[in-house]
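The values are calculated or read from the model by the stated rules, or taken from the named source; none is laboratory data. From a predicted model like this one, the values you see are computed outputs, not experimental measurements. When we count neighbours, we look across all protein chains shown, and the Cβ atoms used for this are built from the backbone with ideal geometry, even at glycine. We work out accessible area using only protein heavy atoms, side chains counted, and drop any ligands, DNA or RNA first. Shrake-Rupley method; radii C 1.70, N 1.55, O 1.52, S 1.80 Å.
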Amino acid sequence: QDCPNGQLTRKKFLEVYKQFFPSGNAETFCDHVFRTFDQDNSGSIDFREFLLAINVTSSGTPEQKLKWAFRMYDVDGNGTIELNEMVKIIQAIYDMLGAEVTQQQDTPEARAKMIFERMDENGDGRLEEDEFTKGCLGDEDLYKILTAS
C-alpha cells in the first residue's frame with residue numbers, strides 16, 4: 001500500500017524509520033541503512049532487496065549479520081572500515097537515539113577508538129572484513145553494539 005510500484009524510496013524509508021525513533025534524528029543513520037539495503041544502487045529498495053535485508057537482520061546467522069553490518073560501516077565501499085567511517089556510523093546511531101543517549105559517556109570518537117583497539121589485529125588503522133567478523137564473534141559486547149542485536 002505504501003509502495004504500489006514495488007519500490008521503497010529513501011524518503012518513504014526515512015518516514016518509517018522516524019516512527020521508530022521519534023526523539024532523535026534518524027536521517028543520517030537511515031541513509032547508511034538505505035545504502036546498505038539498496039544493493040544495486042538504484043536509489044530505491046525493491047521487494048527482493050527488502051526481503052533479503054529483513055531476513056538477514058532479523059533471522060540471519062551471526063556471520064550474515066556481520067557481513068551486512070560490515071557493508072554498512074564501510075561507508076566508502078572500499079572493502080575496509082577506517083576509523084572515520086566508524087565514527088560516522090556511531091554518531092548517526094547516537095543522533096538517531098536522541099535523548100536516550102544523553103547518558104552516554106563515550107563520544108562517538110572514543111567509542112570508535114575503543115572498538116578499533118579491540119579489533120584491529122594488525123594495527124594498520126583499518127578493519128578488513130575478517131578482522132571485523134573475528135573481533136565481533138569473539139566479543140559479545142562488540143557484537144551487540146555493532147549489529148544492534
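Observations, loosely collected:
- Tabulated pairs, the stretch 60-84, first closer than 18 Å to Asn41 by Cβ, second buried (at least 18 other Cβ atoms within 10 Å of the Cβ) and polar (S, T, N, Q), C-beta under 6 angstrom, 6+ apart or interchain: Arg71/Thr36; Met72/Thr36
- Scanning the stretch 30-39 for residues that are open to solvent by less than 20 Å² (accessible area, probe 1.4 Å) and either outside any helix (DSSP H, G or I) or modelled with pLDDT under 85 (or both) gives Cys30, Asp38.
- Filter result for the condition that a residue is open to solvent by 50 Å² or more (accessible area, probe 1.4 Å), in contact with a helix residue (DSSP H, G or I) (Cβ under 8 Å, 6 or more places away or on another chain) and over 30 Å from Asp124 (Cβ atoms), over Glu27, Glu63: Glu27
- Lone qualifier among Gly77, Gly43 - being more than 23 Å from Leu137 (Cα to Cα) and not hydrophobic (A, V, I, L, M, F, W, C): Gly43
- Condition check for Asp46: within 30 Å of Gly6 (Cα to Cα) and in contact with a Leu (Cβ under 8 Å, 6 or more places away or on another chain): yes
To keep it simple, each residue is scored yes or no on (1) open to solvent by less than 70 Å² (accessible area, probe 1.4 Å); (2) at pLDDT below 90.
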| residue | (1), (2) |
| --- | --- |
| Ile81 | yes, no |
| Asp95 | yes, yes |
| Thr102 | no, yes |
| Asp124 | yes, no |
| Glu129 | yes, no |
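- Residues satisfying the criterion are absent from the stretch 40-49 (criterion: surrounded by 15 or more Cβ atoms within 10 Å (Cβ to Cβ), touching a residue at least 12 places away in the same chain (Cβ under 8 Å) and assigned to a loop (DSSP other than H, G, I, E, B)).
- Hey, Arg111 modelled with pLDDT under 90, within 28 Å of Gln19 (Cβ to Cβ) and either open to solvent by 40 Å² or more (accessible area, probe 1.4 Å) or in a helix (DSSP H, G or I) (or both) or not: yes
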